[in-house]
Every structure is written in C-alpha cells, then in structure tokens.
1. Just the Cα atoms of the chain, one point each, no solvent: what log10 I(q)/I(0) does Debye give at q = 0.06, 0.11, 0.12, 0.13 Å⁻¹?
2. Share of Cα-Cα pairs in segment 230-488 beyond 23 Å, in percent?
3. Can you give the angle from 0 to 90° between the axis of helix 58-72 and the longest principal axis of the chain, with both taken from C-alpha atoms, to the nearest 10?
4. Magnitude of the Cβ-charge dipole of the chain, K/R +1 and D/E -1, about the Cα centre, nearest 20 debye?
5. Loop-only check: which GluC sites (Glu not before Pro) in segment 222-285 are DSSP coil with at most 14 other Cβ within 10 angstrom?
6. Looking at the chain only, what percent of DSSP beta bridges run antiparallel? Nearest 5 please.
7. Could you state the angle between the C-alpha long axis of helix 447-466 and the longest principal axis of the C-alpha atoms of the chain, as a value from 0 to 90 degrees rounded to the nearest 10?
8. Going by amide H atoms built from the backbone, whose H comes under 5 Å of the H on Ile254, apart from near neighbours?
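Just so it is clear, none of the values below were taken in a lab; they were calculated from the coordinates. What you see is a predicted model, and the numbers here were worked out from it, not measured in a lab. Backbone-built Cβ (ideal geometry, glycine too); neighbour counts: all protein chains shown.
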Amino acid sequence: MRTAYTVETVRAAERELMARVPEGALMQRAAAGLAVVCAEVLGKVYGSRVVLLVGSGDNGGDALFAGARLARRGAGVSAVLLSPERVHAGGLAAFRAAGGRVVAGEGAEGVLRGADLVVDGIVGIGGKGGLRAPASQLVSSVRALGAPVVAVDLPSGVDADSGVVVGEAVRADVTVTFGVYKPGLLIDPGREYAGVVRLVDIGLELGVGVGAGGGAGAGVGEAEVEAFQYADVASLLPLPTGESDKYRRGVVGIVAGSARYPGAAVLAVGGALRGGAGAVRYVGRAADAVIARFPEALVSAGPPSKAGRVQAWVAGPGLGDDAEGLADVVGADVPVLIDADGLRLADAAAVRGRGAPTLLTPHAGEAAALLGVAREEVERGRLAAVRELAGRYGATVLLKGSTTLVAGPDGGAVRVNPTGTPWLATAGSGDVLSGLAGALLAAGLGAGDAGAVGAYLHGLAGRHAADGAPVGAQDVAEAIPAAWRDVRGD
Ligand SMILES: NC(=O)C1=CN([C@@H]2O[C@H](COP(=O)(O)OP(=O)(O)OC[C@H]3O[C@@H](n4cnc5c(N)ncnc54)[C@H](OP(=O)(O)O)[C@@H]3O)[C@@H](O)[C@H]2O)[C@@H](O)CC1
Ligand SMILES: [K+]
C-alpha cells in the first residue's frame, strides 16, 4: 500500500523527528537523496549544466544543498533566486562554497537555454494557492525548453493536499519527495505534473492509515490517501475453493439496459462474469441481447425483488427511466452498486436510509449533477468532491476518472487507483466496471474494497486490452482475466 499524508501530518511528524536529530540533518538527508536522483537523470554529472530554481523557503534550501553536491562532482550549477532577499542562508553559503553561480532573475532565460537539467525548488509543502509572479512566468518558460525537470518534494504549483493546480505549475519528469507521499502526487491533475515519483527516506515515521476517521477527512496522523499495489489487491481477490458453489462465490443481480441501450446490460453482465461471480441474474428489457452474448446468464423481466436470491445488486447502466426497478433494488437488504442512470433516479434519502452497504460510481459529470456544481469544479477538486458525495449519501463513492478515487461514508483514507489509463475513456467502459465491482460485492468484499479492487483490475484490463492502441469496452471486459492473472503473479 502506498500511503500519502497531509501537510499538517507531515509537519507534525517532522517536528517530532527534528527534536531528536542534529539541526539541519533532515535537510541534508533530503538534499543527498535529491542529488542522487539528479545524477541519475543526468547520466554524467561532470561537465553537465544544472539550473536550480530557488524559492524563498526550505524547498529552495534543499535545491541549494543538492546543487552544492552536484557542483562538487564537477557540474556547472547556476541558481536562479526568485527572492534574493529571502533565501535559505545556509543553503546559499554551501552552494557558493562549492563553486555554484548565482544568477539574478533577468539572467534566468540565458542559463536555462543551455541547461541539461532544471531543478524546481520554488515551493514545496509550504506553497499556498496558485504560483505567484515571477515564479509563474519562469515556469512557463521552462516548459518551452525541453530540458528534463526534477521537482523538489512536489512540483511547484501543485497543491500538496489535493493535487489541485490553479494556473501555472511545473511539469516534472521526476519528483523527488521526502519522507512520505503527499496526496497531490497521487491524484490528478497533480499526479500528471509530478511525472515519476521517487520517495527519499529521511527517517519520518508515520503509521499505515487505518481509514477509520470521521467527518470530512482523515483524522490527524492517519493517511489521507492510499493506493493499492499488487499485493493488496491479490490478498482481497475472492478465490474459489473446493467447497465453493455459485452462492458461496456470490450471485450478482444486474438491473441495466433498456430498449434504447441494450449494450450497457451486455457489458455490465460481461464485467460481472469476469469479476468472479458464481452466477449473474439479469433483470430488465435487454434480456435477449444478454442471453445471445452470455447464455450462462439467468434472465428475467422483473421486478428485481422477484428475480431470486442475489448477494449484491448492480443497478443503472443504460437503465433509462426505470425508476421502479431502481427503487426496488435500493430497498433490498444486500449491497447495492448504483451507476449511470441509476444515480439520476436514486432518491438520496432512500440511499442514506439503507442498512446494507451502497457503492455509488459516478464519473465527474454525474458527480457534479449530484452535488449541484459545474463538472469543472469536480475535476479541479476531485478529493473534496468524492468526500462530499460520500458524506451526503452516507455511501461509499467511487469517482471515476484518470485517477479514480474511492471514499467511504465515514471519512478515513481515500483510495486512489494507480492503474488507470486514458484508453479506458471509451463508451461502455464504466458499465464493465460496474459489473466487475458488483461481482466483488457479491463475493463479500466491503464496498470500499470492492470499488478499489474493481478499479484496479479494470485499469489493468484496460492496459492489457489497449497495449498502446484504441480499444472498445468489450475488449476491456475480455481482458479482465489477464489482469486477474497479473495480480496473482501467474
Ligand atoms: N520541514 C522539514 O523538516 C523538512 C523540509 N524539507 C523541505 O522544506 C519544504 C517546506 O519548506 P517551507 O516550509 O519553508 O515551505 P516552502 O515549500 O519552501 O514554501 C514556502 C515559501 O514559498 C513561498 N510561497 C508560498 N506560496 C507561494 C506561491 N503560490 N507562489 C510563490 N511563492 C509561494 C512562501 O512565501 P510567502 O508566502 O511566505 O511570502 C515561502 O517563502 C518541503 O517541501 C521540503 O522541500 C526538507 O528539507 C526535509 C526536511
Ligand atoms: K518544488
């Protein structure tokens, strides 16, 4: 599990550690790690030209100390001081002593043109709001140069706690972050600006988030965001045993499709079958299309409550205006996943009143409609939006997007999915995910785990299916078994 912590938590841990180590030791650890990564990016340090962009806080200090290390190894290092009157004094002295050259703001463009590497030490976790001038202008001219950029702790202009970017931000090839991940490095748009993230151990000790906080966010000291890795997913995959029958594996019911959108039902059933369901019951108006593609599906015309025993329902993909079918499912006493049209039809009070777990799976547009805000607002502040929705509906919410997020109804760490790919932005891809995550719910996973594991497998399946070329949603569904094998290491 990768865990990321808020600035407040990082600062508290830093204070605690600083009290136990010699003054300046943490910055030296940070600078040493930063210099190692810079050297890797350069390939050959001796004779290379490195430009440091140095802001007025400790982030600039890290850059100056790392620059001093590179200068001692024979690099020609120039430092552009954004606020010469407020610069890390110790870092500047060390930089000068190592032979580093200080450049005034007007000389920046000249040195940048010949750079083999740019080090962004403008702001780190102390950044507030969008980048101010002159930093913002400098950042836009760096982008035009084409030299590799290494960001110190996080790309300047990216909000550490949320990944929000207002105006200009540094687009890094590599971000060297210290102690722990910050949420903004894992969530888009920040994640995209960060490039490859390298974590440098500076001795910070923070426990693995337990996701048990209350209210709008994680509790102090807990992880704010966590990202599954293979092992986390592998440990949650429901595997059949010798004792398994279809009910032990999980029967999932799918209420989806309409005369106009029969394909959504086919895709959701396809996702559910590959998600490990022991059986899939389909209820709705696209039974012919479903049975033609998946003869193993058990179809009926409805209502859902008369369809037979299921351990979880998926309702909504391509459903049109079947409010009755949706209400029937919301009233069921088993886990329910609500997607697409179902989100529009669902009564918020009825969802909040449910006893069994609920998983809502909106994309940004649907989330915006539920929250009554513009889509851009959700896209700009995905973490806040997913937490807000989960709180309002008293449900687990999976917000789809380039970094899919899963938030629980009681606060705690938000799961961010690391396997997404832009190739998944194709019609019907969400229908496949709803079936897949619904099968995991039916197998007994909690709503948060079903969402996170489903998103992870779906992303991997998208990568398998695409392999660098466009794909359709059906291809993604068919690639789920390959993703499953990947995660199990087969
Ligand atoms: N603490 C530790 O143990 C360790 C910390 N470490 C390092 O310290 C970093 C944190 O340092 P920090 O606290 O000095 O803040 P930092 O990120 O340099 O930014 C503050 C400066 O930026 C300015 N500024 C703010 N917003 C701005 C904007 N929008 N646009 C432009 N400027 C803006 C702000 O100016 P002000 O608003 O005060 O005028 C202030 O001068 C951390 O990320 C890591 O790299 C490592 O060495 C490991 C040990
Ligand atoms: K930075």
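1. Debye curve over Cα of the chain, log10 I(q)/I(0) at q = 0.06, 0.11, 0.12, 0.13 Å⁻¹: -0.32, -0.87, -0.98, -1.08.
2. 43
3. 60
4. 720
5. Sparse-neighbourhood loop GluC sites (Glu not before Pro): Glu243.
6. Around 15 percent antiparallel, to the nearest 5.
7. The helix 447-466 is inclined about 80 degrees to the chain.
8. Excluding prolines and chain starts, which carry no amide H, the hits are Arg281, Tyr282, Val283, Val314.
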